[in-house]
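Here is the structure we will look at, set down as structure tokens.
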Amino acid sequence: MNRVQGLWDTSVGKKAVMAVTGLIMLAYLITHVLANLTVFQGPAKINAYSAFLHGTGGALWVARLVLIAALVLHVVAAAQFTARRRAARPVAYAAGREPQVSTFASRTIRWGGVLILIFIVYHLLHFTLGTVHPSFVEGDPYHNVAAGFGNPLVVVFYELALAALGLHLYHGIWSSGRSLGVSPPSPHPLKRQLAAVLSVLIWAGFAVIPIAVSAGALR
Ligand code: HEM
């Protein structure tokens, strides 16, 4: 136990926790985007998949608990990591600071993360609990998706959050490889093909759905 506590107390330990929990959530996002894309095949497939998931009972709750634990640990480690960084450098660099290998994605990782967190709360109220949905039907995700993007403001909010998610994944996937030591230091730190391909595919797979509904392709 002391060794776990000791690791958690270090900045490297917090980065490792962010990496492992991030990869758990990435696995969920890959299955979620693939399942969501079946919406283009009509109601039968996506509704059957949802019925299967809800029919698993205990297994669904185990998966939910793993995801909740991963999200909480990810956010707590990130917040503590940031607080520690600020405490170590409370005064800004007098001469400004030229980032060495930072990208737009790495510089927006914290505020992007906050937006994604707000999105997750809204999304659960929208498609799981239905409390902010205009005509929620339990067990009919096809209808819920097709009717849930009728309001252009909701579409814009989803698209902004999904753009933040794409950037977060681009930085996070690359950074988790470095934190866990599976990808060695590279002489080309801005070359990140795997992170780029995965984050673009996941972003595009989600982002196309609200746009397709707005364009009348799903009803
Ligand atoms: C346009 C993009 C998205 C669409 C259309 C969508 C659609 C849905 C639908 C229909 C459900 C309810 C499924 C059911 O009850 O069977 C759901 C649940 C969920 N979605 Fe999404 N989703 C999208 C993006 C996301 C993103 C980006 C995340 C995470 C960052 C996410 C996380 C979740 C979670 C955690 C649940 C709850 C699963 C459960 O019931 O345990 N979704 N989504």
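Computed over the chain, the P(r) curve from all C-alpha pair distances, binned at 10 Å from the origin, holds 7, 29, 33, 20, 9, 2, 0 percent per bin. The label point for LEU153 and the one for ALA69, both projected 7 Å from the Cα toward the Cβ, are 3.9 nm apart. With R₀ set to 35 Å, the beta-carbon distance separating SER11 from VAL121 gives a calculated FRET efficiency near 0.80. Think of the chain as a dipole: +1 on every Lys or Arg Cβ, -1 on every Asp or Glu Cβ, centred on the Cα centre; then among LEU165, LEU71, ALA88, ALA88 lies furthest on the positive end.
Label-to-label distance for LEU60 and TRP111 is 3.8 nm, based on points extended 7 Å past Cα in the beta-carbon direction. Stretching ILE24 away from VAL132 to a fully extended chain increases their span by 36.1 nm, per 0.36 nm per residue minus the current alpha-carbon distance.
Once Rh for the stretch 144-219 is found with the Kirkwood sum over Cα pairs, what is the Stokes-Einstein diffusion coefficient at 25 °C and 0.890 mPa s, in µm²/s?
176
Compactness check for the stretch 1-67: Cα Rg over 2.2 N^0.38 Å is 1.58.
Could you compute the FRET efficiency for ARG219 and VAL76, with r as their C-beta to C-beta distance and R0 at 35 Å, rounded to 0.05? Given R0 = 35 Å and the Cβ-Cβ separation, E is 0.25.
We did not get these values from a lab; they are worked out from the coordinates using the rules stated. Worth saying up front: this structure is predicted, and the values here are computed from it rather than measured. Here the Cβ is made from the backbone with ideal geometry for all residues, glycine too, and neighbour counts use every protein chain on show.
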